Amino acid sequence: QVQFVESGGGLVQPGGSLRLSCAASGFTFSAFFMSWIRQAPGKERELVAFISSTSSTNYADSVKGRFTISRDNAKNTVYLQMNSLKPEDTAVYYCYARSASGVSNYWGQGTQVTVSS
């Protein structure tokens, strides 16, 4: 049974930092591509950051230089370090796992990030 435990969201002031974690179980984590995807109210989902099974990374232009995605295969966990947060980063952040073939994909339950003074 696939399970995710997401944590680290919350309320932070503009310019602040948060670190999201997503601990996964029930599939071969090390073989999967992992992503963080966010959705703000009234907006479409946006791919924020991606990390491959070999730890190659890619970022949305809106977060480049501010966010860092990483993974710890020994802990089956993916992280998103978010610095210099802006009000427009406010959204529900989901971790997402996809197999290399694309056949299998799984979503976390989401964690709310609110950036406000």
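The values are calculated or read from the model by the stated rules, or taken from the named source; none is laboratory data. Values in this document were obtained by computation on a predicted structure and should not be read as measured data. Using ideal geometry, Cβ is built from the backbone for each residue, glycine included, and neighbour counts are taken over all protein chains shown. Just the protein is used for accessible areas: all its heavy atoms, side chains included, with ligands, DNA and RNA removed. Shrake-Rupley method; radii C 1.70, N 1.55, O 1.52, S 1.80 Å.
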> Over the range 27-80, what relative contact order in percent results from Cα pairs under 8 Å that are six or more residues apart?
Replying inline: 28
>> Using a 1.4 angstrom probe on the protein heavy atoms only, could you order Asp89, Asp72 from most to least accessible area?
In response: Asp72, Asp89
> How much net charge surrounds Gly9 when only the other residues with a Cβ under 14 Å from the Cβ of Gly9 are counted, with Lys and Arg +1 and Asp and Glu -1?
Replying inline: 0
>> Per 0.36 nm of contour for each residue apart, how much would the distance between Gln13 and Lys75 grow if the chain were fully extended, relative to their Cα-Cα spacing?
In response: 19.3 nm
> Over the range 56-105, what relative contact order in percent results from Cα pairs under 8 Å that are six or more residues apart?
Replying inline: 22
> For the range 9-117, with every protein chain kept in place, what is the accessible area per residue (1.4 Å probe, Å²)?
Replying inline: 50
> About the Cα centre of the chain, what is the dipole size in debye to 20, counting +1 per Lys and Arg Cβ and -1 per Asp and Glu Cβ, all else neutral?
Replying inline: 100
>> Using protein chains only and a probe of 1.4 angstrom, how many square angstrom of Val92 are accessible, to the nearest 10?
In response: 40
> How big, on average over all directions, is the shadow cast by the Cα convex hull of the chain, in nm²?
Replying inline: 6.9
> When only DSSP loop residues count, what trypsin sites (Lys or Arg not before Pro) in the range 1-110 have their Cβ near at most 16 other Cβ atoms within 10 Å?
Replying inline: Lys43, Arg45, Lys64, Arg66, Lys75
